[in-house]
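Read-outs: derived from the displayed coordinates by stated rules, not from any lab. In this text the structure is predicted, and so the values were computed from the model without any measurement. Note that we place each Cβ from the backbone using ideal geometry, even for glycine, and neighbour counts take in every protein chain shown.
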Amino acid sequence: MSRIALITGGTRGIGEAISIAFREAGYKVAANYSTNHAAAKEFHKKTGIAVYSWDVANFAECVTGSAEVEKDLGGHIEILVNNAGITRDGMMHKMEPEAWSAVIRTNLDSCFNMSRTVLSGMRDGKFGRIINISSINALAGQIGQTNYSAAKAGILGFTKALARECAAKGITVNAIAPGYIDTEMVRAVPEKRLNEIIAQIPVGRLGKPEEIAHAALFLASMDAAFITGETLSVNGGQHME
């Protein structure tokens, strides 16, 4: 029987590529999204992948939404990709508390909300893969993104701690830290600034969403069963540790 994979923020950008890659690899895929119903409808029409709308920053909605996915797809969620994220950029001395809180809730609290929701089923089945999408800016920082960088860095600590808790139950927990990827969000950066960013990437280009998807597929596979608590950087050499 095919394993069930849930991708949050799974209908656009990196999430869309991950959803499609898992479907093509034979998984039963559910793609979560928040409020962009038009984009989700188009994604479903194009791919046939089931879409579900709930706010990953709301724990109760995560519980209800995940239960609906499991009922529809006929089993426990065994692969969770915590991909949903937003930006509310601004310099710290001008940042409103709401901009801080919104990013922390959507980007970091969501990892708790979703992982806590699906973990019991993974523990019962003695198998699970939790893959958290972090960012190069968790590792290097970025001007105007204290909220985003803090949330994405928090994901790395969350990943390591949860990996230790889950290892004996056949559940691995890893993070991917993408660099600048050719998505709608990145393409919205002013051209001059985007060219400056690309000039800092040793391979000389933006990453492709499919390259992040392939990394997620690897971490979900049995080939990666001995890898847990790790962060896989996929950034074209822009930041090395």
Checklist outcome for this item: Matching residues in segment 83-111 (in contact with a helix residue (DSSP H, G or I) (Cβ under 8 Å, 6 or more places away or on another chain), of a type in the set (A, V, I, L, M, F, W, C) and exposed (fewer than 15 other Cβ atoms within 10 Å of the Cβ)) number 1
Next on the checklist: Take residues that are among the charged types (D, E, K, R) and either surrounded by 15 or more Cβ atoms within 10 Å (Cβ to Cβ) or touching a residue at least 12 places away in the same chain (Cβ under 8 Å) (or both) and tell me which of the helices (runs of 4 or more DSSP H) falling wholly in segment 136-215 contain 3 or more.
Outcome noted: 146-166
Item to check | Which listed residue, of 53, 66, is small (Gly, Ala, Ser) and closer than 26 Å to residue 225 by Cβ | outcome: 66
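With aliphatic (A, V, I, L, M) and in contact with a Phe, Trp or Tyr (Cβ under 9 Å, 6 or more places away or on another chain) as the only criterion, which of 7, 104, 77 stands out? Steps first, please.
Details: 104 fails: in contact with a Phe, Trp or Tyr (Cβ under 9 Å, 6 or more places away or on another chain); 77 fails: in contact with a Phe, Trp or Tyr (Cβ under 9 Å, 6 or more places away or on another chain).
Just one listed residue meets the conditions, 7.
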Checklist outcome for this item: Among (1) of a type outside the set (Lys, Arg); (2) more than 30 Å from residue 167 (Cβ to Cβ); (3) buried (at least 18 other Cβ atoms within 10 Å of the Cβ), residue 77 falls short only on (2)
Next on the checklist: Restricting to segment 11-24, name every residue that is over 14 Å from residue 220 (Cβ atoms) and surrounded by 24 or more Cβ atoms within 10 Å (Cβ to Cβ).
Outcome noted: 11, 14, 15, 16
Checklist outcome for this item: Across (1) surrounded by fewer than 16 Cβ atoms within 10 Å (Cβ to Cβ); (2) more than 19 Å from residue 4 (Cα to Cα); (3) without any contact (Cβ under 8 Å) to a residue 40 or more places away in the chain, residue 67 clears everything bar (2)
